[in-house]
Structure formats: structure tokens, C-alpha cells
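A short worksheet on the structure shown next.
The values are calculated or read from the model by the stated rules, or taken from the named source; none is laboratory data. Just so it is clear, the structure is predicted and the values come from calculations on it, not from any experiment. A quick note on method: Cβ atoms are made from the backbone with ideal geometry, for glycine too, and the neighbour counts reach across all protein chains shown.
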Amino acid sequence: MSRIKVLCIILVISIFFLTGCWDRTELNDLAIELGWGLDQAKNNGIQISAQFIIPSKIGMGQSGRSEMGKTVFTESGTGKDTLEAVQKMQTKLSREVFRGHRRVIVIGESLARKGLSPFLDTYSRDPDIRLRADALIVKGSTAKKFLEASYPLENIPALGALKEHMQVGGMGDTSLLNFLIELMSDGITPTLPVIELIHGSKGQDQKSIKGFQMVGLAVFNKELKLVGFLNLEEDKIYLWLNNRLTKQTITVTVPKEKGNASLYMIKMKSKIIPFIQGNTIKYDIVLCGEGIIRENNTDLDLTQAKNLALLEHLMEKRAEKQALQTIEKVQKQYGMDIFGLGEAIHQKYPSQWKVLKKNWATQFQKAQVIVHADLTIRRVGLTGPSLQLKKNEIKK
């Protein structure tokens, strides 16, 4: 018998010992979830809501928009913990919930104020849950109402929240991961971005929801209870201090020129330098950034170096003032170190940190902070002075 015949016989026999995909789950047996919500329920329970894709409605027309009606639906379930609530929700679905594509997690304000500790274990334990997700607090409302809201620019409304977060300078899909990392650290307290539903204006149905918008940052304590909010401008300072800000616009008024100018920055970083002098803790915080002038309503000719230096100086003072005001507000009003000042001490003075971390909230409130900004204007656009100015009105 030839070698070829022997090889063929072996291959045919081996087929009977091969197994198929006996445990496979077909795509049309899955309920693909993109948005996830947590709310307070009765008897200290939790209500889970999810936004699912309707596969048959994802068809695209010539305009690029869905022409087949609503592309998502929302379902919910209630239980003592997350898993029980999910099982209650599963009884209402013909397909198995698939969490591998989850992009957004929203949390109702009432649940956040009561505390998230009892409901976080599954997010670090379950291997099927994505850590690269955007977690947000729904200010003044519930996660279920948020997931039921429509959004005109996106076929899948939950993705609108993720994209809005990125448009205001946040990193989007890392807020859940950062929250869990901060939770495990002694030198920083966790935060989450905040979104708010937009209701109908006066004269319209004020109960109807018109959409949603990013409004700032939620501050938590170490017990993972929501203690307060920062507005959107303060949120951007927080992101800058933590090296997470992707873009920022600083607008200043030039007093003598009776106008204003705006710098659009896409390169920003910060450095926190701690000093321990006796019983006093001091910080020198340096904010760096560079960008381009997007608008100049003054009579300054921006091709002149001295005029650029003037704008840079005014913008640096503006950034320093905003940063200092934000830090002092958090120190006095909340007493929670959301900026990682404790982590800076831990890295530079590890032996002293062993003592300081036991009472860091008090030490943080007493810390002295100085902020320095170093901003650079890289480009001024297509023109030096504004085009509407006459030659005798331009300040060289």
C-alpha cells in the first residue's frame, strides 16, 4: 500500500475523533446590549435596565440613517443584587443577554447618593464584562429614564452619551476603569462624569425628554457615596490635573484692547510637585499646554511676538485662577482628594505617607497649593490682525 493511501486512511479515521462546536451560541440567539443602567429599588435592592439593539431595524438607507423605525428597546429587572436583577430581566427576553459590546453604564443619582459599594463586585469579577466602558451619573433622574430617552443624532442613543463625553474633552471609554483604580488607591478618591436629561421648555410638554448633555463631575467619598458635583469648567480642570484632558478652550478679555481672544489646545499635561516642611504640606502644580488661536476680537496684530506674549500671559493667569478656585472648592466643600495629591506624596515621600494616609482627608483640606501655567501659542491661524480692522486701527 502506498504512503498516500495510508495517509488518506488515517485522515478519514481521525475525522470520527474530532468534535464540533457543541457549545456555540449563534448571533441570532443573543440580545446585544450597548447601554446599561443601575437604579435604587425597594428594600435596598437594585433595578437593572439595559438598552438592546433590534437587529432587524439596523438597515441603512441612502442617507446613512435608519429608515426602519426605532433601532433599540429597553428592558429592566429588579433584585437583591445585580445578578438576580439580570436574571429577572432575562425572563422577559427571548435571547441571551450579551454584554461583550457594552459601551455605556449610567447610574441614577439616588443610588449614587446611597452608595455603590454593594453593587460593584460583579464589574471586577465577571470576565464577560468590559472594563473599557463609559460610566456616568444621571443627575436629578434615573438610569432607566435616561436609557428610554431618544437622541436625534444617533441610531443608538446610549452611544450619544459616550460621544458627548469625548466632545467636551473627556477620554470617554475609560471612566469605569479609572473609577475602579481610584477606588483601590489611598491617595485619591473616585469620581465619575455627570450627564443630565434635557426636558421640554416652558410652553411645551415639560415632562417630555428632548435629549441629554454633559454637565460636570460627580465627587464620591471612600465609602463610594456621592457627596456633590463640580460644573463642566471645574471638571475640565480636574481632567487637566489628572492628565486626562484631550482638548480645552481658554478665552480671555484683553482689558486695554476692549476685546477677547480664544486659544484652542489639544496638547496638555500637568505635573504635581509635593513638599513636606515640618507639619505643612505644600504643592507646586504646573499646567502645560499648547494650541492655536481660533478667534481674536482685539486690535492686536498676532504676527508680533510681543502681542503673542501678552495673550499667553493673560491665558496663563486665567488657567491658574480657574485651577486654584477648583482645588480650593474641593478642599473646603467636599474634603475629598480627587486630584491625586496624596498619590504624589506616596511616590515622593513613601515613609511619611504611611503615617499621613491614615488621616489624609484632613491633611488634604489643610494642604497649601500654588498653581503655575505655561501655555504656548503655536499658530495664530490664517491672519495676524482681524480682517475687519483698518490699518490705522491695528496695534503692532
Q | region 94-151, residues that are within 17 Å of Glu33 (Cα to Cα) and polar (S, T, N, Q) | A | Ser94, Thr122, Ser150
**Q.** Residue match in region 56-73 (condition: surrounded by fewer than 19 Cβ atoms within 10 Å (Cβ to Cβ), within 24 Å of Val106 (Cα to Cα) and either at pLDDT 90 or above or of a type in the set (Asp, Glu) (or both))
**A.** yes
Q: Would you mind telling me which numbered condition in (1) touching a strand residue (DSSP E or B) at 6+ places or on another chain (Cβ under 7 Å); (2) part of a helix (DSSP H, G or I) Leu245 fails?
A: (2)
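Counting just the residues of region 13-55 that are surrounded by fewer than 15 Cβ atoms within 10 Å (Cβ to Cβ) and aliphatic (A, V, I, L, M), which one comes out modelled with the lowest pLDDT?
Going through the qualifying residues, I end up with Leu18.
Is it the case that Ala218 is of a type in the set (Gly, Ala, Ser), under 23 Å from Lys70 (Cα atoms) and either in the same structural domain as Lys57 (by TED's automatic domain parsing) or part of a strand (DSSP E or B) (or both)?
The answer is no for Ala218.
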Q. Surrounded by 18 or more Cβ atoms within 10 Å (Cβ to Cβ), touching a residue at least 24 places away in the same chain (Cβ under 8 Å) and not aliphatic (A, V, I, L, M) - does that describe any residue in region 85-98?
A. no
Q. Looking only at residues in region 306-326 that are touching a Leu at 6+ places or on another chain (Cβ under 8 Å) and without any contact (Cβ under 8 Å) to a residue 60 or more places away in the chain, which one is farthest from Thr362 (Cα to Cα)?
A. Leu310
Q.
For a quick check of your reading of the model, give me the residue pairs whose first member lies in region 352-369 and is under 20 Å from Lys332 (Cβ atoms), whose second is outside any helix (DSSP H, G or I) and basic (Lys, Arg), with beta-carbon atoms closer than 9 Å and at least 6 apart or on different chains.
A. Ala361/Lys222; Ala367/Lys282; Gln368/Lys282; Val369/Lys282
